[in-house]
Structures are given as structure tokens and as C-alpha cells.
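A short worksheet on the structure shown next.
The values are calculated or read from the model by the stated rules, or taken from the named source; none is laboratory data. Bear in mind the structure is a predicted one, so any value in this text is a computation, not a measurement. Every residue, glycine as well, gets a Cβ built from its backbone with ideal geometry; the counts of neighbours run over all protein chains shown.
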Amino acid sequence: MPRKAKEEAEKTRARILASALDLFAKKGYEHTTFTDIAARLKMTKGAVYWHFDTKEALLLALVDEMLEKFTRQIGELMPKDELTFTAVSDMMVENARQIVGDPKGTAFFLLIHEQIRWSSDSMANIREQLLRDVRFGPWQAFTKAVANDKAAGRVKDEVVPERVAHTCLAIWDGLVHVHIAKFMKCGLFETLALAFQGVWQAIRKV
């Protein structure tokens with residue numbers, strides 16, 4: 001494929017992904033069709049099929065694109081010195097700030113949490129790939145940070161780093177979700193920081 005044609009194809013693919021994300025987030029994955037996506041972009045349905053064979057393939061590409069973006073953001077925020085629980089907590093508060101300030105980030109968050117029936121058989125493959133994907137990095141960062149704090153004698157001996165990581169990500173995910181969904185009014189960043197401080201108080205050696 002000539003360079004110019006390849007560049008145009010990549011631009012069209014990016015436009016399709018952006019349109020799909022917006023429609024999936026607003027209408028729901030199940031209720032959005034290739035016809036809807038094509039109509040919004042003023043192109044034929046066949047043009048959408050040329051880039052993506054199925055709607056599942058489109059969703060997988062979208063998930064991959066957004067995880068790649070979140071991974072870059074985490075990489076830029078990752079503390080350069082030894083990971084500690086406090087440093088990683090601060091990093092995740094800043095990451096929440098990035099996500100809620102980005103229309104694409106908030107749309108993807110709503111899509112993943114509210115607009116997909118993950119229990120359906122058709123979503124099994126995508127769900128498993130999403131859960132197994134290790135690029136995003138926060139879980140690994142929290143786990144390593146708690147292990148470092150434990151080795152340095154700052155954390156109780158009985159603390160399991162992996163369990164702390166699960167707890168912190170559940171807190172982060174839940175608070176970001178209720179903020180984006182406008183389910184509950186709270187100072188997101190202050191509340192996240194307070195919640196992480198509570199976890200730290202529970203695991204640190206006095």
C-alpha cells in the first residue's frame with residue numbers, strides 16, 4: 001500500500017475507533033451497529049467492515065488503544081526512585097486526574113463499567129484479554145511498593161502486598177467510577193488521597 005494511502009487508512013481507522021467509543025459509551029455496545037458508526041462518519045458500512053471484520057474486533061482494538069494510552073500515562077507518572085506505597089498512591093491520584101479530565105478517558109471508563117454485558121458469551125474472550133493484560137501497571141506498582149516498604153520495615157510482617165494492591169485498585173476504580181458517572185458528589189482527589197491514607201495506616205508498623 002502506498003504511503004499516502006496507508007496514512008489515509010490509519011486516519012480513517014482512528015476516526016472509526018473514536019466514533020465507536022462515543023457511540024458505545026452513550027448507546028451501549030449491544031445497541032450500537034456498524035451502520036450507526038458509518039452514519040456518524042458519513043461513510044458506507046462496507047468502509048467500516050474494511051477496517052474491522054466484526055464489532056468484537058473493533059472493541060478489542062479500542063480496548064487495546066486505550067490501555068496503551070493509560071500505560072503511557074502511568075509510565076510518565078511512575079516514581080523514578082524506589083517505589084513506596086505513598087509514592088504510588090500519589091501517582092494514582094494524579095492518574096485519576098488525567099482520566100477524568102480527558103473526554104476519551106471518561107468515555108472508555110463508562111463503556112467498560114456500564115455499557116457492556118460482560119456476562120454474555122460473546123464478551124468472554126474480550127473480558128479475559130482485558131483482565132490478563134498487564135500493561136496498565138498500577139497493580140504491579142502497588143504490589144512492588146508494599147513489598148519494598150515491608151522489606152524496609154515500614155509495613156507489618158503479616159501484610160500480603162498482592163491483597164493491598166487489590167484493595168487499593170478497588171478503591172481507586174470505585175471512586176473514579178462514581179465520580180465519572182455523577183452517581184455521588186465528592187472531592188475525588190481528596191477522597192482518594194484520604195482512602196489511601198487509611199490503607200497506609202492499616203498496614204504500616206506503628
field: Matching residues in the range 160-170 - criterion: being in contact (Cβ under 8 Å) with a residue 12 or more places away in the chain and surrounded by fewer than 18 Cβ atoms within 10 Å (Cβ to Cβ)
entry: E162, H166, T167, L169
statement: Expected single match for of a type in the set (A, V, I, L, M), without any contact (Cβ under 8 Å) to a residue 60 or more places away in the chain and not assigned by TED's automatic domain parsing to the domain that holds V146 among A25, A87, A47 is A47
task: Go over the candidates K150, K185 one by one and state the one that is closer than 14 Å to T84 by Cβ, free of Cβ contacts under 8 Å to residues at least 12 places away in the same chain and not aromatic (F, W, Y).
output: K150
- prompt: Within the group F85, F24, F34, which residue is modelled with pLDDT of 90 or more, out of contact with any Phe, Trp or Tyr (no Cβ under 8 Å at 6 or more places or on another chain) and among the aromatic types (F, W, Y)?
  reply: F24
- request: Would you mind finding the one in I116, I171, I126 that is more than 13 Å from the chain's Cα centre (by Cα), β-branched (V, I, T) and at pLDDT 95 or above?
  value: I171
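Condition check ((1) touching a Pro at 6+ places or on another chain (Cβ under 9 Å); (2) over 27 Å from V63 (Cβ atoms); (3) part of a loop (DSSP other than H, G, I, E, B)) across all residues:
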residue: F142; (1), (2), (3): yes, no, no
residue: V146; (1), (2), (3): yes, yes, no
residue: G153; (1), (2), (3): no, yes, yes
residue: V159; (1), (2), (3): no, yes, yes
residue: E162; (1), (2), (3): no, no, no
residue: T167; (1), (2), (3): no, no, no
residue: V176; (1), (2), (3): no, no, no
residue: G198; (1), (2), (3): no, yes, no
